[in-house]
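Heads up, the thing below is written out as structure tokens.
Here, each number is a calculation from the coordinates, and none is a lab measurement. Source: prediction; values computed, not measured. Neighbour counts are summed over all protein chains in view; Cβ atoms, including those assigned to glycine, are modelled from backbone coordinates with ideal geometry.
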Amino acid sequence: MSITIALSKGRIYDETLPLLAAAGITVAEDPEKSRKLIFPTNQPDVRVVLVRASDVPVYVQYGGADVGVAGLDSLIEHGGQGLYLPLDLQIAQCRVSVAVREGFDYQAAVRQGARLKIATKYTSIAREFFAKKGVHVDMVKLYGSMELAPLTGMADAIVDLVSTGGTLKANHLVEVERIMDISSRLVVNQAALKLKQAKLRHIIDSFAGAVVKG
Ligand code: AMP
């Protein structure tokens, strides 16, 4: 029985490579230099598929992949149905924050009972965060370049991933609240865990041994 591992390009892929190596798995080709979506590995019964970060939980939930690496942000938005989450891999670390235009009076705008227009890809995270504050939110769902929304007057604030803060700064936005810290998790299909237990246990245990605690 073969194993399919779902990853996304960029930080998650780059930072998962050492963990795969710990499990004795090396990808035969550099996905950054290819338009292929399925990559064989040095192990004939293990392959890697590359999907959008937010689609990793979906592939693993429906068995398109047996195992994957997904950011906590994607997992919360997905809901986690059908998934076993055995490990915090401590990779692709960042945070979900609220940001506004420079000069925007956020403290005045988030008073209880107020109404705020939020642009974000992370609607579940944002909805829960502002609900707890008692702030009404008009949500504008976006799929990228959220920084533009406050600059064009489409929203008062954005909820987005922040790492160095460089992107916000370059767009004259300021981080006003940190909602949660994010890292990537190992995600396993619950049915596959039973059917392919030995192979998946080996991957889980090898990844666990290679996680850099930070
Ligand atoms: P930075 O400029 O370093 O604060 O990075 C912010 C930009 O990178 C935003 O567009 C984020 O959506 C994206 N980003 C930051 N960290 C991550 C991550 N761990 N995974 C995916 N996207 C990220």
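Just from its helices, what would the mean residue ellipticity at 222 nm be for the chain, if runs of 4 or more DSSP H residues each count -39500 (n - 2.57) and the sum is divided by every residue, rounded to the nearest 500 deg cm²/dmol? Rounded to the nearest 500, the figure is -8500 deg cm²/dmol. Among the listed pairs Lys121/Lys169; Lys9/Lys213; Lys9/Lys121; Lys132/Lys213; Lys9/Lys117; Lys121/Lys194, those whose Cα-Cα separation exceeds 25 Å are Lys132/Lys213; Lys9/Lys117; Lys121/Lys194. Principal-axis analysis of the Cα atoms of the chain puts helix 11-22 at an angle of about 30° to the longest axis. The amide H of Ile91, built 1.01 Å from its N in the peptide plane, has Ser184 as neighbours under 5 Å, considering only residues 5 or more places off or on other chains. Computed from the C-beta positions of Ser2 and Lys33, the FRET efficiency with R₀ = 30 Å rounds to 0.75. Bridges between two residues of the chain, per DSSP, are antiparallel at a rate of about 65%. Here the range 94-180 is assigned +1 on the Cβ of each Lys and Arg and -1 on the Cβ of each Asp and Glu. Its dipole about the Cα centre then comes out at about 240 debye. Label-to-label distance, Gln43 versus Val211, with points set 7 angstrom from Cα along the beta-carbon direction: 1.9 nm. Tell me the label-point distance for the pair Ala170, Gln81, using the 7 Å Cα-to-Cβ offset, in nm and rounded to one decimal. Distance between the two pseudo-spin positions: 3.8 nm.
Calculate how steeply helix 197-210 sits against the longest principal axis of the alpha-carbon atoms of the chain, using the helix alpha-carbon long axis, and give the answer as 0 to 90 degrees to the nearest 10. Orientation of helix 197-210: about 60 degrees from the principal axis.
Rg ratio for the chain: its Cα radius of gyration over 2.2 N^0.38 Å, N being its residue count, equals 1.13.
Helix 123-133 and the long axis of the chain differ in direction by around 50°, with both axes built from C-alpha atoms. Amide H contacts for Val140 (H built 1.01 Å from N in the peptide plane; partners 5 or more residues away or on another chain; cut-off under 5 Å): Ile118, Ala119, Thr120.
Net charge dipole, the chain: roughly 340 debye, given to the nearest 20, about the Cα centre with Cβ charges of +1 for Lys and Arg and -1 for Asp and Glu.
In sequence order, the range 138-145 has phi-based couplings of 9, 9, 10, 7, 10, 10, x, 6 Hz under the Karplus curve 6.51 cos²θ - 1.76 cosθ + 1.60, θ = phi - 60°, and Gly or Pro positions carry x. Scoring 72-79, 11-18, 175-182 by mean Cβ neighbours within 10 Å over their residues and listing the highest first yields 72-79, 11-18, 175-182.
Among 93-103, 184-194, the peptide with the highest mean count of other Cβ atoms within 10 Å heads the list, and the full ranking is 184-194, 93-103. One decimal place: the segment Met139-His202 gains 18.4 nm when fully extended, by the rule 0.36 nm per residue minus the C-alpha distance.
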